[in-house]
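Peer 1: Please find one structure pasted underneath; my questions will follow.
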(Lines give C-alpha, C1' and ligand atoms only; values in the text may rest on other atoms or scores of the structure.)
Protein backbone atom coordinates (compact mmCIF):
# COMPACT_ATOMS: atom_id res chain seq x y z
CA UNK A 1 0.00 0.00 0.00
CA UNK A 2 1.31 3.46 -0.93
CA UNK A 3 2.21 5.54 2.09
CA UNK A 4 4.75 8.28 1.28
CA UNK A 5 3.29 11.40 -0.32
CA UNK A 6 5.29 12.35 -3.43
CA UNK A 7 3.09 15.02 -5.05
CA UNK A 8 0.25 17.38 -4.13
CA UNK A 9 -1.45 19.62 -6.67
CA UNK A 10 -3.75 19.57 -9.68
CA UNK A 11 -3.53 17.86 -13.08
CA UNK A 12 -6.19 18.76 -15.65
CA UNK A 13 -6.00 16.72 -18.85
CA UNK A 14 -7.35 17.67 -22.27
CA UNK A 15 -7.61 15.15 -25.09
CA UNK A 16 -9.10 16.48 -28.32
CA UNK A 17 -10.47 14.30 -31.11
CA UNK A 18 -11.50 14.72 -34.72
CA UNK A 19 -13.98 11.86 -34.94
CA UNK A 20 -12.03 8.96 -33.43
CA UNK A 21 -8.60 10.44 -34.20
CA UNK A 22 -6.68 12.04 -31.34
CA UNK A 23 -5.43 15.46 -32.47
CA UNK A 24 -3.85 16.70 -29.22
CA UNK A 25 -3.24 15.68 -25.62
CA UNK A 26 -2.25 18.09 -22.86
CA UNK A 27 -1.42 17.27 -19.26
CA UNK A 28 -1.38 20.44 -17.16
CA UNK A 29 0.28 20.43 -13.76
CA UNK A 30 -0.01 22.88 -10.87
CA UNK A 31 2.22 21.29 -8.24
CA UNK A 32 2.06 22.90 -4.81
CA UNK A 33 4.52 20.38 -3.34
CA UNK A 34 6.43 17.35 -4.60
CA UNK A 35 9.58 15.34 -4.02
CA UNK A 36 11.00 17.36 -6.98
CA UNK A 37 9.82 20.81 -5.94
CA UNK A 38 6.83 22.99 -6.73
CA UNK A 39 5.84 24.66 -9.96
CA UNK A 40 3.75 24.35 -13.07
CA UNK A 41 4.05 22.50 -16.35
CA UNK A 42 2.20 21.81 -19.58
CA UNK A 43 3.07 18.57 -21.34
CA UNK A 44 1.64 18.80 -24.84
CA UNK A 45 1.50 15.93 -27.34
CA UNK A 46 0.70 16.76 -30.93
CA UNK A 47 1.67 14.94 -34.13
CA UNK A 48 3.98 12.52 -32.29
CA UNK A 49 6.02 15.27 -30.63
CA UNK A 50 5.97 16.17 -26.96
CA UNK A 51 6.61 19.67 -25.67
CA UNK A 52 7.31 20.30 -21.99
CA UNK A 53 6.68 23.91 -20.99
CA UNK A 54 7.51 24.44 -17.33
CA UNK A 55 8.62 26.80 -14.63
CA UNK A 56 11.28 24.30 -13.47
CA UNK A 57 13.15 21.85 -15.73
CA UNK A 58 13.71 19.13 -13.12
CA UNK A 59 10.04 19.17 -12.13
CA UNK A 60 8.80 19.31 -15.73
CA UNK A 61 10.99 16.40 -16.83
CA UNK A 62 9.87 14.33 -13.82
CA UNK A 63 6.21 15.05 -14.53
CA UNK A 64 6.64 14.16 -18.23
CA UNK A 65 8.75 11.01 -17.80
CA UNK A 66 7.55 9.75 -14.42
CA UNK A 67 3.85 10.44 -14.73
CA UNK A 68 2.32 11.73 -17.98
CA UNK A 69 4.18 9.26 -20.22
CA UNK A 70 2.66 6.36 -18.27
CA UNK A 71 -0.93 7.59 -18.06
CA UNK A 72 -3.65 5.56 -19.81
CA UNK A 73 -4.38 8.74 -21.82
CA UNK A 74 -0.92 8.60 -23.43
CA UNK A 75 -0.76 4.84 -24.00
CA UNK A 76 0.23 3.98 -27.56
CA UNK A 77 1.25 7.52 -28.54
CA UNK A 78 4.52 8.15 -30.36
CA UNK A 79 6.49 10.01 -27.70
CA UNK A 80 9.40 12.06 -29.06
CA UNK A 81 10.23 14.65 -26.41
CA UNK A 82 11.66 17.96 -27.55
CA UNK A 83 13.99 19.98 -25.28
CA UNK A 84 12.24 21.24 -22.14
CA UNK A 85 11.18 24.89 -22.38
CA UNK A 86 11.48 27.06 -19.26
CA UNK A 87 8.65 29.59 -19.27
CA UNK A 88 6.02 31.07 -16.98
CA UNK A 89 2.87 28.94 -16.84
CA UNK A 90 -0.26 30.91 -16.01
CA UNK A 91 -2.76 28.49 -14.42
CA UNK A 92 -6.26 29.72 -13.61
CA UNK A 93 -9.01 27.36 -12.50
CA UNK A 94 -12.25 28.56 -10.93
CA UNK A 95 -13.73 25.44 -9.35
CA UNK A 96 -16.91 27.28 -8.43
CA UNK A 97 -17.89 27.96 -12.04
CA UNK A 98 -15.73 25.25 -13.62
CA UNK A 99 -13.51 27.26 -15.92
CA UNK A 100 -9.87 26.44 -16.72
CA UNK A 101 -7.44 28.73 -18.51
CA UNK A 102 -3.74 28.00 -19.01
CA UNK A 103 -1.10 29.94 -20.96
CA UNK A 104 2.52 28.79 -21.37
CA UNK A 105 4.65 30.48 -24.04
CA UNK A 106 2.68 30.09 -27.30
CA UNK A 107 0.31 27.42 -25.93
CA UNK A 108 -3.16 28.30 -24.61
CA UNK A 109 -5.64 25.81 -23.16
CA UNK A 110 -9.22 26.32 -22.03
CA UNK A 111 -11.93 24.07 -20.66
CA UNK A 112 -15.33 24.72 -19.15
CA UNK A 113 -18.76 23.24 -18.58
CA UNK A 114 -18.24 20.99 -15.56
CA UNK A 115 -20.50 17.96 -16.00
CA UNK A 116 -19.96 16.43 -12.55
CA UNK A 117 -17.80 16.60 -9.44
CA UNK A 118 -16.78 13.32 -7.83
CA UNK A 119 -13.94 11.78 -5.84
CA UNK A 120 -11.54 9.28 -7.38
CA UNK A 121 -9.24 7.23 -5.17
CA UNK A 122 -7.13 4.11 -5.62
CA UNK A 123 -4.16 2.51 -3.91
CA UNK A 124 -3.09 0.72 -7.11
CA UNK A 125 -2.60 3.23 -9.94
CA UNK A 126 0.21 1.70 -12.01
CA UNK A 127 2.92 3.94 -13.45
CA UNK A 128 5.50 1.95 -15.39
CA UNK A 129 4.54 -1.14 -13.38
CA UNK A 130 4.85 0.53 -9.97
CA UNK A 131 1.76 0.87 -7.73
CA UNK A 132 0.96 4.40 -6.58
CA UNK A 133 -1.79 5.77 -4.40
CA UNK A 134 -3.84 8.46 -6.11
CA UNK A 135 -6.81 10.55 -5.03
CA UNK A 136 -8.42 13.68 -6.46
CA UNK A 137 -11.66 15.51 -7.18
CA UNK A 138 -12.58 14.74 -10.79
CA UNK A 139 -14.53 17.21 -12.92
CA UNK A 140 -15.29 16.10 -16.49
CA UNK A 141 -15.59 19.14 -18.79
CA UNK A 142 -18.02 19.59 -21.70
CA UNK A 143 -15.79 21.87 -23.78
CA UNK A 144 -12.05 22.29 -24.27
CA UNK A 145 -9.63 23.86 -26.72
CA UNK A 146 -5.90 24.04 -27.34
CA UNK A 147 -4.14 26.72 -29.40
CA UNK A 148 -0.50 26.72 -30.46
CA UNK A 149 1.13 29.86 -31.87
CA UNK A 150 -2.32 31.44 -32.24
CA UNK A 151 -3.70 28.51 -34.27
CA UNK A 152 -6.54 26.52 -32.74
CA UNK A 153 -5.90 22.75 -32.76
CA UNK A 154 -8.72 20.96 -34.53
CA UNK A 155 -10.82 18.69 -32.33
CA UNK A 156 -13.16 18.49 -29.37
CA UNK A 157 -13.33 16.36 -26.23
CA UNK A 158 -15.37 13.16 -26.38
CA UNK A 159 -18.23 13.33 -23.87
CA UNK A 160 -20.47 10.47 -22.77
CA UNK A 161 -23.18 10.17 -20.16
CA UNK A 162 -24.48 6.76 -19.15
CA UNK A 163 -25.67 8.09 -15.79
CA UNK A 164 -22.11 9.13 -14.88
CA UNK A 165 -20.76 11.86 -17.18
CA UNK A 166 -17.26 11.37 -18.58
CA UNK A 167 -15.12 13.42 -20.90
CA UNK A 168 -11.68 13.21 -22.44
CA UNK A 169 -11.19 16.71 -20.98
CA UNK A 170 -11.28 16.92 -17.22
CA UNK A 171 -9.95 18.89 -14.31
CA UNK A 172 -8.52 17.17 -11.29
CA UNK A 173 -8.01 19.16 -8.15
CA UNK A 174 -6.80 18.27 -4.65
CA UNK A 175 -4.64 15.62 -6.31
CA UNK A 176 -2.37 13.56 -4.06
CA UNK A 177 0.07 10.93 -5.31
CA UNK A 178 1.79 8.55 -2.90
CA UNK A 179 4.07 5.55 -3.13
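Peer 1: From the list 29, 33, which one is crowded, with 20+ Cβ neighbours inside 10 Å and touching a strand residue (DSSP E or B) at 6+ places or on another chain (Cβ under 8 Å)?
Peer 2: Details: 33 fails: crowded, with 20+ Cβ neighbours inside 10 Å.
The conditions single out 29.
Peer 1: Among the residues of region 72-87, count how many are surrounded by fewer than 16 Cβ atoms within 10 Å (Cβ to Cβ) and either touching a strand residue (DSSP E or B) at 6+ places or on another chain (Cβ under 7 Å) or at positive phi (or both).
Peer 2: So the first thing to find is which residues in region 72-87 are surrounded by fewer than 16 Cβ atoms within 10 Å (Cβ to Cβ), and the list is 72, 75-83, 86.
From what's left, either touching a strand residue (DSSP E or B) at 6+ places or on another chain (Cβ under 7 Å) or at positive phi (or both): 76-77, 79-82, 86.
Matching residues across region 72-87 total 7.
Peer 1: Now for a different question. Tell me which residues, restricted to region 124-179, are over 27 Å from residue 32 (Cβ atoms) and assigned to a loop (DSSP other than H, G, I, E, B).
Peer 2: Of everything in region 124-179, those that are over 27 Å from residue 32 (Cβ atoms) and assigned to a loop (DSSP other than H, G, I, E, B) turn out to be 129, 149, 150, 153, 154, 155, 158, 162, 163, 164.
Peer 1: Let me ask something else about it. Given the criterion over 13 Å from residue 13 (Cα atoms) and either buried (at least 17 other Cβ atoms within 10 Å of the Cβ) or in contact with a strand residue (DSSP E or B) (Cβ under 8 Å, 6 or more places away or on another chain) (or both), identify the matching residue among 142, 131. I'd like the intermediate steps shown before the answer.
Peer 2: Details: 142 fails: over 13 Å from residue 13 (Cα atoms).
Answer to the check: 131.
Peer 1: Which residue out of 69, 96 is in a loop (DSSP other than H, G, I, E, B), surrounded by fewer than 21 Cβ atoms within 10 Å (Cβ to Cβ) and either under 13 Å from the mean Cα position of the chain (by Cα) or at pLDDT below 95 (or both)?
Peer 2: Only one candidate qualifies: 96.
The values are calculated or read from the model by the stated rules, or taken from the named source; none is laboratory data. What you are looking at is a predicted structure, and each value in this text was computed from that prediction instead of being measured. Using ideal geometry, Cβ is built from the backbone for each residue, glycine included, and neighbour counts are taken over all protein chains shown.
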